[in-house]
Amino acid sequence: MRSSLGMACAILLTIFILSGVFAPLLAPYDPLQLNLDARLQAPAIHHWFGTDELGRDILSRCIYGARISLSVATSVVILSLFLGLLIGSLAGFYGGWLDTVLNVYLINAFMAIPGILLAIAFVAFSGPGFRNLVAALSLTMWTGFARLVRAQVAAAAQMEYVEAARALGASDLRIIARHILPNVLQPVLVQAALGLATAVLAEATLSFLGLGTPPPAPSWGNMLNDARSHLFDSPHMVIFPALSVMICVVAFNFLGDILRDTADPRRKVRRSAVPLEA
């Protein structure tokens, strides 16, 4: 938070979060309200971001789109993190044949399939909707968390404090929950911040393809899909939803980079190092 970049990311993400939480209070119009007399209006005083082909206010739809995108992204990261912690902890702590089954066979099998294709196939089979969208994106993201947790847990399981806890009679569940996981959460939190950016972009992609939250839900991807036929005569329909996606994704990516640099002990040593006087 000392850096200007970290402060800028925090401000941007706070704006998006507040927009999603307080969308009914911040949106100047109903995002679903039709006004054919005001269709395809350019940005003006009454409609800051202009209107779409049905006369709906684009600013209001962008604000409500933040609610949908952040809800999907948060749900996906939480579910993926839970699966990753569970499977990665079991594989890293016990090793042996269990590690072979979970890591070599299960995780590698999911990672061998392109994530976006797996998500498209799942949603196409189960149908569009919020729950199916979250489930589809979670299937593509949990492997990254599981692989990271497995490596961290496998390294931590060889430490002296784990051996001491085992010698004192602590159960495997207590060792994992109380001694190992709290010491491996820093890189997992960095991965979660980067995962939020990936989930926002994936949600917009699937919604653009018609596989996300069904219309007329004011999703950023749905808005970009509606604007395809008006790209040249009404470019504001594309510009503002695209900027919303871009700024949100960039802010989460920078936040992940800042968390990674902050958690790096070598950077802490360099910052605290004081040159000796001759």
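Which residue pairs have Cβ atoms under 7 Å apart, sit 6 or more places apart or on different chains, and have a first residue in region 222-234 that is within 19 Å of A44 (Cβ to Cβ) and a second that is small (G, A, S)?
Cβ pairs passing all conditions: M223/G65.
More than 24 Å from Q191 (Cβ to Cβ) and in a helix (DSSP H, G or I): is that true of R174 in this structure?
On the way: more than 24 Å from Q191 (Cβ to Cβ): yes; in a helix (DSSP H, G or I): yes.
Yes.
Out of the residues in region 129-145 that are of a type outside the set (A, V, I, L, M) and touching a helix residue (DSSP H, G or I) at 6+ places or on another chain (Cβ under 8 Å), which is surrounded by the fewest Cβ atoms within 10 Å (Cβ to Cβ)?
F130
Kindly evaluate A121 against the criterion of being of a type in the set (A, V, I, L, M, F, W, C) and modelled with pLDDT of 90 or more. Working first, answer last.
Working: of a type in the set (A, V, I, L, M, F, W, C): yes; modelled with pLDDT of 90 or more: no.
Judged against the criteria, A121 is not a match.
Here are some residues: A193, A146, A151, A157. Which one is modelled with pLDDT under 85 and more than 30 Å from E53 (Cβ to Cβ)?
Answer to the check: A157.
Considering only region 48-88, state which residues are of a type in the set (G, A, S), farther than 23 Å from I17 by Cα and surrounded by 24 or more Cβ atoms within 10 Å (Cβ to Cβ).
Listed by number, the residues that qualify are G84, G88.
Here's the yes/no breakdown for (1) of a type in the set (K, R); (2) in a helix (DSSP H, G or I); (3) touching a residue at least 24 places away in the same chain (Cβ under 8 Å):
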| residue | (1), (2), (3) |
| --- | --- |
| W48 | no, no, no |
| E53 | no, no, yes |
| R61 | yes, yes, yes |
| I68 | no, yes, yes |
| V76 | no, yes, yes |
| L79 | no, yes, yes |
| I87 | no, yes, yes |
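Among Q41, Q33, which is in a loop (DSSP other than H, G, I, E, B) and either acidic (D, E) or surrounded by 18 or more Cβ atoms within 10 Å (Cβ to Cβ) (or both)? Let's see the steps before the verdict.
On the way: Q33 fails: either acidic (D, E) or surrounded by 18 or more Cβ atoms within 10 Å (Cβ to Cβ) (or both).
Q41 is the lone residue from the list that is in a loop (DSSP other than H, G, I, E, B) and either acidic (D, E) or surrounded by 18 or more Cβ atoms within 10 Å (Cβ to Cβ) (or both).
If T213 passes every condition in (1) crowded, with 20+ Cβ neighbours inside 10 Å; (2) within 22 Å of the chain's Cα centre (by Cα); (3) assigned to a helix (DSSP H, G or I) but one, which one does it miss?
(3)
Would you pick out the residues in region 128-142 that are more than 14 Å from the chain's Cα centre (by Cα) and free of Cβ contacts under 8 Å to residues at least 60 places away in the same chain? First the steps, then the outcome.
Going residue by residue through region 128-142, those that are more than 14 Å from the chain's Cα centre (by Cα) are 128-132.
Listed by number, the residues that qualify are R131, N132.
Every residue in region 12-30 that is crowded, with 17+ Cβ neighbours inside 10 Å and either outside any loop (DSSP other than H, G, I, E, B) or hydroxyl-bearing (S, T, Y) (or both), please. Break it down into steps so the answer makes sense when it comes.
From region 12-30, those crowded, with 17+ Cβ neighbours inside 10 Å are 12-13, 16, 19-20, 23, 27, 29; that's our starting set.
Correct list: L12, L13, F16, S19, G20, A23, Y29.
The values are calculated or read from the model by the stated rules, or taken from the named source; none is laboratory data. The shown structure was predicted, so the numbers you read here are calculated from the model rather than taken from an experiment. Note that each Cβ is placed from the backbone with ideal geometry, even for glycine, and that neighbours are counted across all protein chains shown.
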